[in-house]
Amino acid sequence: MQGFKSFANRTVLPFPSGFNAICGPNGSGKSNVLDAVVFVLGIRSAKTIRAGKLEDLVFKGGRKREGSKYAAVSLYVDNTDGTIPGEPPEIKVTRKVNASGVSVYRINDETVNRRRVVDVLANAGIYADGHNIILQGDITNLIEMNPLERRQIIDEISGIAEFDDKKLKAEQEIAKVDGKLKEAHIILNEKRKILENLKKEDELAREYRTLENDLRKIRASMTKRRLDFFSERLTNVNERIGNEKEKVDTVQAEIGVIDKEVGELQKEERTATALAMRAGNREAIEKLASLRGEMERKLDRIEYAKREIARLDELAVVSDNFVAKAVLALGKKGVHGTVSGLMKTDQQYRTAVEIAAGNALHDVIVDTDATAQECIEHLKGARVGRATFLPLNKLDVRERGKDAKALIGNEGVIDFALNLVEYDSKYETAFRHVFGETVVVDTLQTARRHIGAARMVTLEGELVQKSGAMTGGFLRKRDDESNRYAKQKQELAAQVETLEADVARLQKQLKELAERERTTLTQNEFEKKLKETLDGIDALRAKRDEAFNRMLAVQNEMGRMSVERAKYEVEIGNLNVEKEAFVEFFEKNDFYTEGTIEVLENNKKRVLERLNRIGAVNLKAIEDYELHKQVYEDLSKKVGIIENEKAAVLEMAASVEAKRVQAFMETFGAIATHFSQIFADLNGGEAAIELEAATDIRSGLLIKARPEGKRELHLDAMSGGEKTMTALAFLFAVQMYKPAPFYVLDEIDAALDKRNSKKVAELIKKYSNAAQFILITHNDLTIRLADRVYGISMEDGVSKAVAIELPTN
């Protein structure tokens, strides 16, 4: 020690094995030696070693001595038996504290932290607060303890604090798990109720979805059947048209042969005419030839016009508004015509107006919704196609918005599209419905400036919706096919009518000329030959007319079949549109193949009736049910896991408790045995320790003793000396259960009389053969039994030590 409390000078105290005593007058500083041992072992609290704070351990100075700058204590531990592994045979542990209270630890002069010191010494069972060190007041404390506090000494010695920590953690974990389980079960019950309700909706929704899918499959199958039916019909009509075309080709070949023969006869006619003219009435023959030539040319033009009319009829059949034409062809009262057919507009606005109207150009304007229904039923029955009808009695026309009206008059804004078309006022409702508040502007730039005010269309055909959506790009100009075909047919028909009148006139003139010149024309052979030639040409022309009429008949039949083909193509087109709604069935070729179309219709009706009975369902219930089911199952698994965790924690807690009880009872039994033995050695008689409740290790510890010749007493009922002797016996029993390499005892015999002091000293002497004892005392009997005695004295506030080795008896 150096500078530690009253030991200002460097003081070395070598303690040999056996019984060492430290003695000296009161106030000499002998207890400071024990304080130094506790200090170097790493005690944290300065109060334990009778100081207010650590810096108070530094020597403060005396009358002739200045104070120290630090206090240092070094403890030398004999490790020759290797009890502390990894350390040399002698271990030097040093602790130094400066005037500021800062501690420094060293092991073998190497600076370490406190934890290192504690861990190294723990290998030998050396602790600053160990039971091998009895400070002043410890015996009194034991005597004054209540039973529970005494039992805690057994708890500490048995090491069940470790089990207590584990058990506390287990209990805390169980409480936490119980909380989780309670909360989880509440949520689980709520989820179960929700799931039960959703299950009913899920079953209904699944049935609805199954029926809906079945309905789609039925409709897909019906579409497939119709596609196959009309495709077969189309193939058949194409074959028939091909056959008729062969007939036309045959007749055309026949006409070609006739034309060739006519050509030959016409050559002969020219020769005969020339000869006849030389021999006879030149003027009459020339007139006759001129009339026949003109008539032939007109007949050729009539033939060409009729062919062109037939071609135009065929083209008109397949024009864009064929379905509308089919409706108009009915001649039904109340059907007024198409939007495009009932209006006119200037050429400069035509593109803008057509874009503004869009597909509504071919909508059919009718008087009432009843008429519209009749037309729709006809289209369904005839399987021609679909059309949109505008019943004048039902159309709802909205007023133009303020923003749209405000546009008119702005730069680049032309007018409302409705104001740029001409139509009969009785169709006002229909045209207002078609064009609405659409405004025509000059350019897209103008339209951009007014986006949101109205629907706008430019002269180039760009369309800007009120929402801001813009449509534009390259626009292929489209002719009004129906009007063009009608106009061409009208012109051709007029030509045919004029030509036929001309031919009739020429035929009449020829007949009159022939009658007038009959005698003259038959006067010579040449004229006779010419007449025969002309008669032959007339016969061939009659034959050609008959062939041409047959060809026209065939072409008319082809036209009728073309109409039929167009109807099939329209139907197939419509069915292909329907097919797009059932693409998954067509891709997988998944159809109902059994039963007729009527059976499918009945099945469809049955499914629809069931769907109607079910009514509106929450299809999202399927997804919600699966989601909640997954959540419920996941939660159930989690609850199961938590319950397993609880079972495992309970099992662990039970195991910890069993080990805790076992460790306590083993320690309790061993200390009880040692206590009985040591008490008998000290006092004679009998003594025992018991639990207040024999099976409850949480109950208090009772100390009972029956000194020799006396009755059994509890510790609290004993005399002062008996209490001290009994307490010492208990403390020695604890030390014997866990032997330490050394024991430091501070004035344990201070309250004992000579007789009991001698007994304690003799007991220590006995045990010192197995362990090192350092006893601070001022009892003469104790000092006499010690193997070595250190005398402590004090001069000018500084403690000094003198060693006395006593001879062995």
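Please treat every number below as a calculation from the coordinates, not as lab data. Computed from a predicted model, the values in this text were never measured in an experiment. Here the Cβ positions follow ideal geometry from the backbone for every residue, glycine too, while neighbour counts run over all protein chains shown.
Need the full-extension length gain, Arg63 to Glu207, defined as separation in residues times 0.36 nm minus the C-alpha distance. One decimal, nm. Walk me through the numbers before you get to the answer.
Numbers: separation 144, 0.36 × 144 = 51.84 nm, distance 10.79 nm.
So the extension gain works out to 41.0 nm.
Within the stretch 629-643, find all residues whose amide N lies under 16 Å from a label point positioned 7 Å from the Cα of Asp178 along Cα-to-beta-carbon. It comes to 643, nothing else. Tilt of helix 31-40 relative to the longest C-alpha principal axis of the chain, in degrees (0 to 90, nearest 10)? It is inclined by approximately 20 degrees. Coupling constants for the stretch 50-65 follow from the phi torsions by the Karplus curve (6.51 cos²θ - 1.76 cosθ + 1.60, θ = phi - 60°), and in residue order they are 6, 9, x, 8, 4, 5, 6, 6, 6, 3, 8, x, x, 5, 10, 9 Hz; glycine and proline get x.
Would you mind getting me the FRET efficiency between Asn26 and Ile194? Use the beta-carbon distance for r and R0 = 56 Å, nearest 0.05.
On the way: r = 83 Å, r/R0 = 1.49.
Rounded to the nearest 0.05, the efficiency is 0.10.
Grab the beta carbon distance between Glu87 and Asp165, set R0 = 30 Å, and tell me the FRET efficiency rounded to 0.05. Let's see the in-between values first.
On the way: r = 30 Å, r/R0 = 0.99.
For R0 = 30 Å, the calculated efficiency reads 0.50.
Across the stretch 340-349, rounded Karplus estimates of 3J(HN,Hα) from the backbone phi angles (6.51 cos²θ - 1.76 cosθ + 1.60, θ = phi - 60°) give 5, x, 9, 9, 9, 8, 5, 4, 5, 9 Hz, Gly and Pro being marked x.
Taking a temperature of 20 °C and a viscosity of 1.002 mPa s, what whole-number D in µm²/s does Stokes-Einstein yield for the stretch 181-250 with Rh from Kirkwood over alpha carbon pairs?
Numbers: Rh = 17.5 Å.
The calculation lands on 123 µm²/s.
Between the amide H of Tyr790 and those of Ala21, Ile22, Cys23, Ile804, distances stay under 5 Å, these residues lying 5 or more places away or on another chain, with hydrogens modeled in the peptide plane.
Could you order the peptides 443-456, 62-75, 362-375, 709-722 from most to least packed, using the average number of other C-beta atoms within 10 Å per residue? Present the calculation step by step, with values, prior to reporting the outcome.
Details: 443-456: 17.7, 62-75: 16.1, 362-375: 19.4, 709-722: 13.6.
Per-residue Cβ counts within 10 Å, averaged per peptide and sorted highest first, yield 362-375, 443-456, 62-75, 709-722.
Residues whose amide H falls under 5 Å from that of Leu713, counting only those 5 or more places apart or on a different chain, are Ala705, Arg706, with hydrogens built in the peptide plane.
DSSP beta bridges confined to the chain are antiparallel in about 70 percent of cases.
Compared with the alpha-carbon gap, the fully stretched path from Ala542 to Arg386 is longer by 51.5 nm at 0.36 nm per residue. Here Lys754 is the anchor, and the aspartates and glutamates within straight C-alpha reach of less than 16 Å, apart from those fewer than 8 places off in the same chain, are Glu722, Glu762, Asp780.
Averaging 1/r across all pairs of distinct Cα atoms in the chain and inverting the result yields a Kirkwood radius of 42.0 Å.
Please report, in cubic angstrom per residue, the volume enclosed by the convex hull of the alpha-carbon atoms of the stretch 34-73.
With only Cα atoms used, the stretch 34-73 gives 75 Å³ per residue.
Note on Glu377/Glu594: beta-carbon distance plugged into 1/(1 + (r/R0)^6) with R0 of 25 Å gives a FRET efficiency of 0.25. Ignoring aspartates and glutamates fewer than eight residues from Lys543 along the same chain, the ones with Cα atoms less than 13 angstrom from its Cα are Glu254, Asp259, Glu261, Asp535. With the convex hull constructed from alpha-carbon coordinates only, the stretch 627-718 shows a mean projected area of 8.0 nm² over all directions.
The modelled label-to-label distance between Phe229 and Glu657, using points 7 Å beyond Cα along the C-beta direction, is 8.4 nm.
Per-residue 3J(HN,Hα) values for the stretch 545-559, derived from phi via the Karplus relation 6.51 cos²θ - 1.76 cosθ + 1.60 with θ = phi - 60°, read 4, 5, 5, 5, 5, 4, 5, 5, 4, 5, 5, 4, 5, 5, x Hz in sequence order (x marks Gly and Pro).
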